[in-house]
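Throughout, read-outs are computed from the coordinates displayed, never taken from laboratory work. Given the structure is predicted, the values throughout are model-derived calculations rather than measurements. Using ideal geometry, Cβ is built from the backbone for each residue, glycine included, and neighbour counts are taken over all protein chains shown.
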Amino acid sequence: MPGPLGVSLAPYVRSSRSLYKFLKPVANWYANLSGYRKLGFHYDDLLVEERPDVQRALTRLTPRETYDRAFRLKRASQASVQHKELPKSEWIKPEEDVRYLAPHVLSVAKEDQERAVWDTINVERKK
Amino acid sequence: MLRAARLARGFATVVDASSGVKVAAIDNGQATSSVTVLLKAGSRYETKPGVAHVLSNFAFKSTGKRSALGTVREAELFGGVLSSSLSREHLAITAEFLRGDEEFFVDVLASFLASAKFTRHELTEYVLPAVLAESHVAKHTGSTRALELAHALAFRNGLGNALFADKHAAGGITAEDVRALQAQAVSDLGSVAVLGTGIADDKLATLFEKSFAAHKAASSGPAVAAPAAPASAYHGGSTRASFHHGLQTVFVGFGTTTPSQVLALHALAAHLSPTPAVKWSSGVSAFATALPEGVSARTVFLPYSDAALFGVIVEGADAGKITAAAKAAVDTLKAAAGGKVTSEEVKRAVARARFAVAGGVEARDGVVSVLGPKVLSGEGATVQSALEAVERVDGAALSKIAADLLKSNPTYVALGDVNALPYGDEIGLTTA
């Protein structure tokens, strides 16, 4: 079953230097083309949040991160209502597009996985 | 006497050269073992109000080696019990387990000292709710709240710091504050004591050293100053607070910072104690016979490393009866100060005090609360000296200590219906 972040080949791509060099410009082009940065979003704002592990990860953001996320969502909704992109000065630059939520999601997923392991562990009497 | 002598032999204090942790253990051949790590991280040493309480609830959360869930589940599989308890001076982290499982449990304790993570999400998700629940209960328990107020009056800062982090204090505490207090407590391993029961001391020392070194190697932090607290001073005073969650409570007490008085206070506390020696009867001490029906009273004697608080807690529903009981307590003290104590009463008090001192270290928690501070201060893990000192108390010493206390400024706390409860001078206290 895929984790909360979906299936990804990125670790494999990153492990190969030549593959990474070849695909990175394509990835950058694709990220810009998809247009979420022009609506003022970070990539992690687009994570599917309707699942318990991501909801729990959202509670682990700092108050500042929570506030900024809410602001970006509202700003993007307004832009959507107006059928407009944000002015270019408000576009998210590639270097600002950091994965602020993904580490929390991964740690929650790891905890859930660990709980499942302990719940189903097979205990043997000490010899 | 014989028992105490055996106890003294059973204990050996090992000061390990490599880390300096003080290790003491006693093995009476029981089926279960316990290991307690005693840290100087009580409320006295905290840098921010309430941090010590939060730290005590952070015990057994995730460390470099295992997660909080892993610790709990693994301890459950071994059938052990993990607990932490906080006093004004020390934080005690305890593991109780079956013989043979010491390797795992000592490792759990060592990993808390060496590689605790103090994550922000654990603070908000698990630690703060427990902290707030504990402080809520403490706030609604008359005797606990009276003692909190009494400590604040008696010692102001240091020992007077609140033991519980209420909502306001806990709101301002970050995971970094908690980490700082823990780092301060373990920075000098000479101020850490490892106490064991049902385990050999050399084995405990070896296990602890091994685990601690392994965890320490994995995580290194900046050097921090060792815990230090200014010497305690006794002030005293009186306060009244309204309280509507049960019985009304009055605390009448005195403090001292003189070590010689602390030993004589054992006997005075026993002399004043209204607790009967036989179940379902009423006590025979002068205070017990003067105690009205429907009022319960007990003596409180709390020795600390450089001070002690002694007093009587009177609890009851009726303010008039509480007044009479508190007055009886003060009258008993005054009679003792005036030398009106018979030699039988002195004998009885001394015998009771000796039993309390010697019996106190038999139980597991007594080992931690009584012997732990002694091990930390380097006095050696025995109550022999205290037993002998209490034995030397006679009528003159008893009346002298009572007179000295009455001359000092008393600590008086009235908790309940402030319109009806007595003021200090109404129960015979002169300078309250």
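Observations
- Between A:R115 and A:Y67, the simple spin-label model (points 7 angstrom out along Cα→Cβ) gives 3.1 nm.
- Sequence-ordered 3J(HN,Hα) estimates for region A:13-21 from the Karplus curve with 6.51, -1.76 and 1.60 and θ = phi - 60° stand at 4, 5, 6, 9, 5, 6, 4, 5, 4 Hz, glycine and proline given as x.
- Karplus (6.51, -1.76, 1.60) ³J(HN,Hα), θ = phi - 60°, over region B:135-141, in Hz, Gly and Pro reported as x: 6, 5, 5, 4, 5, 9, 10
- About the Cα centre, charge dipole magnitude for the protein assembly as shown (Lys/Arg +1, Asp/Glu -1 at Cβ), debye: 960 debye
- A simple count of charges around B:K407, restricted to other residues whose Cβ falls under 12 Å of its Cβ and scoring Lys, Arg +1 and Asp, Glu -1, yields +1.
- Protection-proxy order for peptides B:106-113, B:295-302, each taking the mean of Cβ atoms within 10 Å per residue, highest first: B:106-113, B:295-302
- A simple spin-label model places pseudo-atoms 7 Å from Cα toward Cβ; at B:A214 and B:A130 they are separated by 2.4 nm.
- About its Cα centre, the dipole of region A:38-119 is roughly 380 debye, where the only charges are +1 on Lys and Arg Cβ and -1 on Asp and Glu Cβ.
- Between the amide H of B:G237 and those of B:T411, B:Y412, distances stay under 5 Å, these residues lying 5 or more places away or on another chain, with hydrogens modeled in the peptide plane.
- Annotation for region A:32-67 versus region A:70-112: alpha-carbon center distance of 5 Å.
- Across peptide B:67-73, the mean count of Cβ atoms from other chains lying within 10 Å of each residue's own Cβ comes to 3.
- For B:K65, the aspartates and glutamates whose Cα comes closer than 15 Å to its Cα, not counting residues fewer than 8 places off in the same chain, are A:E111, A:E114, B:E74, B:E103, B:D107.
- Amide H contacts of B:V284: B:A277, each under 5 Å away and 5 or more positions distant or on a separate chain (H built 1.01 Å from N in the peptide plane; Pro and chain starts excluded).
- For the listed residue pairs A:K126/B:K22; B:K167/B:K216; B:K40/B:K61; B:K48/B:K117; B:K167/B:K327, the alpha carbons are over 25 angstrom apart in A:K126/B:K22; B:K167/B:K216; B:K167/B:K327.
- For chain B, the longest principal axis of the C-alpha atoms and the axis of helix B:68-78 are separated by about 80°.
- Distance in nm between pseudo-label sites at B:A233 and B:E391 (7 Å out along the Cβ direction from Cα): 3.9 nm
- When peptides B:115-126, B:51-62, B:227-238 are ranked by their average number of other Cβ atoms within 10 Å per residue, the highest-first order is B:51-62, B:115-126, B:227-238.
- Projecting the Cα atoms of B:G395, B:V361, B:V418 onto the dipole axis of region B:304-432, where Lys and Arg carry +1 and Asp and Glu carry -1 at the beta carbon, places B:G395 farthest toward the positive end.
- Protection proxy ranking, peptides A:36-44, B:279-287, B:190-198, average beta carbon neighbours within 10 Å, highest first: B:190-198, A:36-44, B:279-287
- Couplings 3J(HN,Hα) for region B:393-410, derived from phi with the Karplus relation 6.51 cos²θ - 1.76 cosθ + 1.60 (θ = phi - 60°), are 5, 10, x, 5, 5, 5, 6, 5, 5, 5, 5, 4, 5, 5, 6, 7, 6, x Hz, where x marks Gly and Pro.
- In this Cβ point-charge picture (+1 for Lys and Arg, -1 for Asp and Glu), chain B has a dipole of about 320 debye about its Cα centre.
- Within a straight-line Cα-Cα reach of under 17 Å, A:K74 can be paired with the following aspartates and glutamates, leaving aside sequence neighbours fewer than 8 residues apart in one chain: A:D44, A:D45, A:E49, A:E65, A:E85, A:E90.
- The aspartates and glutamates whose alpha-carbon is closer than 14 Å to the alpha-carbon of B:K139, local same-chain residues fewer than 8 away aside, are B:E148, B:D166.
- Taking the DSSP bridge list for chain B and keeping only pairs wholly inside it, about 80 percent are antiparallel.
- Amide H partners (placed H, <5 Å) of B:A41, local residues excluded: B:L91
- Inter-part distance where region B:137-184 and region B:307-369 are each reduced to a Cα centre, Å: 26 Å
- Here's the picture: charge each Lys and Arg Cβ at +1 and each Asp and Glu Cβ at -1 in chain B, and of B:A267, B:Q30, B:F155 the one pushed furthest to the positive end of that dipole is B:A267.
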